[in-house]
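In what follows, a structure is listed as structure tokens, so that the remarks can point back to it.
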Amino acid sequence: MSDMEQRDLGSQPLDAIINHWGLDNHDLVEASPEQLTHKQVVRARNGRRLTLKMKMKTARTLNFAIWGRLENEEREKFVEYFPKQLFNYDKSYDAAEADANAALYEVIPGRELRSDFKVELGLDK
């Protein structure tokens, strides 16, 4: 197995989760207080092996992108994502684990980040 094959692990659960929520790469980049780039999101979605630090950054950013679009009552039902749910090469990954947020998928498509959330994260320019 070549070095390239070991680093490129195919489409990740992260990709499906982003699609289920109706988000795109730009939505994650926009919601990142840590300056996550489009290139980093593409690599994460396509299965490029990431460091733990980068997997954590991606998970936090996904949570921000979703949380920032939820209404207060919806936020009470939201379960935060961790790398073990987003990357099939994470040591705790379980393919049989259902997404606890599936019932909320339909609520955010078309919504922008809430202005109060942008201020809270220091994203409002």
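The order of Trp21, Trp67, going from fewest to most other C-beta atoms within 10 Å of their C-beta, is Trp67, Trp21. Inter-label distance, Lys39 to Glu71: 4.1 nm, where each label sits 7 Å from its Cα along the C-beta direction. Size descriptor for the chain, Kirkwood hydrodynamic radius: 15.0 Å (Cα pairs only, one decimal).
Sort 29-40, 95-106 by packing, meaning the average of other beta carbons within 10 Å per residue, with the highest value first. Walk me through the numbers on the way to the answer.
Numbers: 29-40: 16.1, 95-106: 11.8.
Going from most to least packed, we get 29-40, 95-106.
Each label was represented as a point 7 Å from its Cα along the Cα-to-Cβ direction; for Lys84 and Gln6 these points are 2.5 nm apart. What is the pair-distance distribution P(r) of segment 60-125, computed from all Cα-Cα distances in 5 Å bins starting at 0, with each bin given as a whole percent? In order of increasing distance, the bins hold 3, 15, 24, 22, 16, 11, 7, 2, 0 percent. Considering the options Leu52, Asn25, Gln35, tell which one lies farthest towards the positive end of the dipole of segment 1-81, charges being +1 on Lys and Arg and -1 on Asp and Glu at the Cβ, about the Cα centre. Final value for the positive-end residue is Leu52.
Taking every lysine pair in segment 3-121 that is 8 or more places apart or spans two chains, those with Cα atoms closer than 19 Å amount to 10.
Laboratory data are not the source of any read-out in this text; all were calculated from the coordinates shown. Everything numeric in this text was worked out from a predicted model, so none of it was measured. Cβ coordinates were reconstructed from backbone atoms using ideal geometry, including for glycine residues, and neighbour counts include every protein chain displayed.
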